[in-house]
Every structure is written in structure tokens, then in C-alpha cells.
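The values are calculated or read from the model by the stated rules, or taken from the named source; none is laboratory data. What you see is a predicted model; the values in this text were computed from it and never measured. Backbone-built Cβ (ideal geometry, glycine too); neighbour counts: all protein chains shown.
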Amino acid sequence: MGAEPLPVDNDYSNGDGELRVKVAAETNAPIILGLQPAALVDHVARVDSSLLDQIPGERGGSIPVAIEELEHILSELRIHIVACPVDPLPMKTMAGGSVANTIRGLSAGFGVSSGIIGAYVDDEQGQLFVTNMSSHGVNLSRLRIKEGHTGQCVCLVDESGNRTMRPCLSNAVKVQANDLTREDFKGSKWLVLRYAIFNLEVIQAAINMAKQEGLFVSLDLASFEMVRNFKSPLLQLLESGNIDLCFANEDEATELLRGEQDVAPEVALEFLAKHCQWAVVTLGPNGCIAKHGKEIVQVQAIGETRAIDATGAGDLFASGFLYGLVNGLSLEECCKVGSCSGGSVTRSLGGEVTPDNWQWMYKQMQIKGLPVPISADDLPESQT
């Protein structure tokens, strides 16, 4: 299996009694690696219901679209954008993708040495992805450059803060299974993945190489549509015994057992825990439940009663939870940190946490007696 968790030095403080974790020194091998085969740029906007009514597919989900549909949605945005009372920008464009959000959060907010495996094109979107990720300290040495197009995704946020995503990856360049080498994984401790049927071959290759190098593997279930439509390969992945940590939201978890008499999240958690060392089901405003061995915990959500935008909430929850794991925190503490980081990203548009909202998160962690990363000192003070 992987190396031992990094020790937590609870005697270290900043002089005012606030607990801090000593962040491991940067090495050539990031502690946590994310596999996101295709670099992706998110266009995030708060929109009215009439635009959502025009778009095929269920609200709240994530289904792929062709480039023509993506361009049509983007062209419609200017007449459907709704002003956000607490966010001055009605639309944001940033490096995106679930794994990228998690990895950026680990590096930017928690100071955990993190890198990403993927591919991009030297076009406008690709340059934006590289600039955004590198500015937050993400190791991009495993990011390949190819010819073609960089992926894009439109994230439509309704007035309740719920997001509907339509990614366009059909013409996007991506890392293939035969691009990977064991060198990509050597020296790292964790591999972070997101389930996607169109990436299944490279996911399986990455898992095999990661396991050969002794890494733990974390898998996010992606979306309820992905679970519903491609359940069999997902079950095979889980039953392989190679997935150490699984994250699922309530919709994904219950979809996994659709057809059973009882599809409560607690039942899905037990199912996941049979195959993974750590199983986590996030419950939105109701917090999360998690299991490791015989231990089960439930933690309340930390954040606004009404989210500005739920985009990236699960991804940033994973950032906080993984930060806790690599620093040897308890299961309950990992969930609490995840709830703090997941709550922080819902306070503004998009899957990238602002400096002000990182400071909000550190304050929540301090209130709850959770160890705050030293990297918090390097961020600007909140102006709110």
C-alpha cells in the first residue's frame, strides 16, 4: 500500500493558539497526483430558468455536448445572465474539471504538494488552464502538450445555487493509456481520479501503474448520469479492490444501488465501504457521512445556509478530506475539514476558492480546533 501518513505536529502554532500543520517540503514527486486526461476550461454563469428549460437533459447533472451546442449555450448567456448580489462578476472563466478543482484546492489552500496528469493544446483555453493552475502552485510537469483543441465546459448556476454542467470533450485532446509511464507516479502517495466511461482505459492503466508504485487511489463517482448509464464498469472498478477511497454525493450513491428496496445514503455508504478503505457520501446542506473500518461518522455542513454556487463543492470537500488523510487526522476531522473547504467554494461563482474565502475557511477550521496549514500565512488577508 502507500506510505505512512504525514505526521501532524500539533505543538506547532502561530503564537495565538491556532493549530497549524507543517506542510511537507516540495519534492520532485507531488504527494498527491490527479489524473484529468483532458485539460478543461469552465465558463461559469448565474442564469435564469428559461435558459435551463431550453437545454436537453436533467437539471443538476453533467452530460456531454457537441461543440455546436456548447457555442449555442455560450451565445445565449448574455441575455440570460442574472446578477449575483454578492459576486460582482456575472460570469467567470477558469481552469476547470473535477480533478483540477481538487488538486488546485490542495495546493492553493492547503499547501499540499500536488500535480496533475493530462493534456492540453497551446490555444487560448490551454494557455488559460496552464496559467491558472501554475499560479496556484500545481506541478504541471506531467501535463502533455498536443495538437487539437482544449476541452471546455459551461456551468449554469440557477438562483438556488444549483449547477448544471455541459462539458464539451468530444474534440478535446487527452492523455491516452499508452502515454502513461510508471515514472509519472513514482514517489507520490495518492492518485485522484474521476469516473468517466470515455476515460476508462486510461483510468485503468493509471490505477495499475499507481498500485505498482504503492499509491493509494481515490475515486469520485462523477455524476448520477454516469453512474446510471455505466454502472457495470464502475462496479468492476470498485470490486477490483484497487480503490482505497470513494467519494459520492447523495444522488450518485443512491443511483449506484437503484433497484434495491432501500437506497438510502447510509445503505450506499455500507456498500462502498465493503470495497474501499474509506467511503464518503456527501449530503449537500446536510453534511456528510463516512466510514473507515468499523468507524462511521456523520458531520454537519459548514457554510452558508444558501449557496451562491454549488460548483466544485464536492471537489473541494475532497481537497479538505485528502489534506486530513495525508496529515494523519481522524475520520471525523477529515470530514470536518472537507466540510469547511466544500463550504468555502460555494460562497462565490466557480470551482476556484477566492483568497477571501480561503480566509473564511481557515477561520472555520480554527473555531473547530482543526489544524490549519501554514500556507494560510501566504494568502492575503480577507477584505470582507
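Looking only at the stretch 140-151, which residues are within 25 Å of Ser107 (Cβ to Cβ), surrounded by fewer than 24 Cβ atoms within 10 Å (Cβ to Cβ) and not aliphatic (A, V, I, L, M)?
Ser141, Arg142, Arg144, Lys146
Answer with yes or no whether Cys246 is modelled with pLDDT of 95 or more, part of a strand (DSSP E or B) and of a type outside the set (S, T, N, Q).
When the stated conditions are applied, Cys246 passes them.
For Ala273, indicate whether it is at pLDDT 95 or above, over 26 Å from Ala108 (Cβ atoms) and either hydroxyl-bearing (Ser, Thr, Tyr) or touching a strand residue (DSSP E or B) at 6+ places or on another chain (Cβ under 8 Å) (or both).
Judged against the criteria, Ala273 is a match.
Does Ile207 fit the bill of being within 30 Å of Glu58 (Cβ to Cβ) and either free of Cβ contacts under 8 Å to residues at least 40 places away in the same chain or touching a Gly at 6+ places or on another chain (Cβ under 7 Å) (or both)?
Yes; evaluated as a whole, the condition is true for this residue.
Show the residue pairs that are 6+ apart or on different chains and have beta-carbon atoms under 6 Å apart, the first residue being within the stretch 161-188 and more than 16 Å from Gln125 (Cβ to Cβ) and in contact (Cβ under 8 Å) with a residue 60 or more places away in the chain, the second being part of a loop (DSSP other than H, G, I, E, B) and basic (Lys, Arg).
Final answer for the pair search is Thr164/Arg59; Asp184/Arg142.
Please find, among Arg228, Arg258, Arg194, the residue that is in contact (Cβ under 8 Å) with a residue 24 or more places away in the chain and surrounded by 16 or more Cβ atoms within 10 Å (Cβ to Cβ).
When all the criteria are applied, what remains is Arg194.
Step by step: first the residues of the stretch 112-136, then only those that are small (Gly, Ala, Ser) and buried (at least 21 other Cβ atoms within 10 Å of the Cβ), then the one that is farthest from the chain's Cα centre (by Cα). Which residue is that?
Gly126
Of all residues in the stretch 72-122 being of a type in the set (Ser, Thr, Tyr) and not in a helix (DSSP H, G or I), which is farthest from Ala172 (Cα to Cα)?
Ser113
In the stretch 229-281, how many residues are hydroxyl-bearing (Ser, Thr, Tyr) and within 24 Å of Ala210 (Cβ to Cβ)?
Of the residues in the stretch 229-281, 2 are hydroxyl-bearing (Ser, Thr, Tyr) and within 24 Å of Ala210 (Cβ to Cβ).
Scan (1) at pLDDT below 95; (2) of a type in the set (Lys, Arg); (3) closer than 17 Å to Gly34 by Cα for the single condition Arg104 breaks and write down its number.
Looking at each condition in turn, Arg104 falls short on (1).
Go over the candidates Thr254, Thr311 one by one and state the one that is of a type in the set (S, T, N, Q) and assigned to a loop (DSSP other than H, G, I, E, B).
Thr311
I'd like to check something: does the stretch 276-285 contain any residue that is in a helix (DSSP H, G or I), at pLDDT below 90 and within 19 Å of the chain's Cα centre (by Cα)?
yes
Can you tell me which residue among Leu77, Leu70, Leu35 is surrounded by 14 or more Cβ atoms within 10 Å (Cβ to Cβ), over 20 Å from Met226 (Cβ atoms) and either at pLDDT 85 or above or out of contact with any Lys or Arg (no Cβ under 7 Å at 6 or more places or on another chain) (or both)?
Answer to the selection: Leu77.
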